[in-house]
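Throughout, read-outs are computed from the coordinates displayed, never taken from laboratory work. Worth saying up front: this structure is predicted, and the values here are computed from it rather than measured. Positions of Cβ are backbone-derived with ideal geometry, glycine not excepted, and every protein chain shown enters the neighbour counts.
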Amino acid sequence: MTSNSSISVAHDSFTFPIVNQAVSSLQSDVMYGEMVHCVSTKMGFGFDVYFCNTMIEVYLKCGCVDYARKLFDAMSQRDLVSWTSMISGYVGEGGVGSAFIFFQEMMVKSEPNSVTLMAMLQACCAIESLIHGKQLHGYAIKSGLAIDGSVQN
């Protein structure tokens, strides 16, 4: 006996981030990310920090830093992941100056972690800036992040 009834499962704050992971792994056109963003916003998840952070990652992996920045600017709440994702995105796209500006803004609102610091050290390498590297090293020592093995490497 076959049933024609369909099972409906409600979406929650984890549904769209999982969809975003799938879209990111495809490394496809940004159109799929935009569709997910549109549907999730209409369903009320557009202001969820976790969702927005995964959406930023989708845009960055598609090479759309401007889309990620628009979303970041529209977020009413941001966390360390939001800031670090944008910094990493700028570094990855060669926008090292923007990464440094973001890092300075972030320092006013949130404490960077080792992942943030590693992204900034990559920025220093990209522009071959020994002075900025030394400043970040000093910050790492003062903040206690220098004991992290990844930062040390």
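Could you list, in sequence order, the residues of segment 46-84 that are out of contact with any Pro (no Cβ under 9 Å at 6 or more places or on another chain), farther than 16 Å from Lys109 by Cα, in contact (Cβ under 8 Å) with a residue 24 or more places away in the chain and assigned to a loop (DSSP other than H, G, I, E, B)?
Across segment 46-84, the qualifying residues are Phe47, Cys62, Gly63, Cys64.
Output the number of the condition that Gly94 fails; it satisfies all remaining conditions of (1) part of a helix (DSSP H, G or I); (2) closer than 25 Å to Val58 by Cβ.
(1)
Restricting the search to segment 26-63, which residues are closer than 16 Å to Ser85 by Cβ, hydroxyl-bearing (Ser, Thr, Tyr) and surrounded by fewer than 20 Cβ atoms within 10 Å (Cβ to Cβ)?
The answer is Tyr50, and nothing else.
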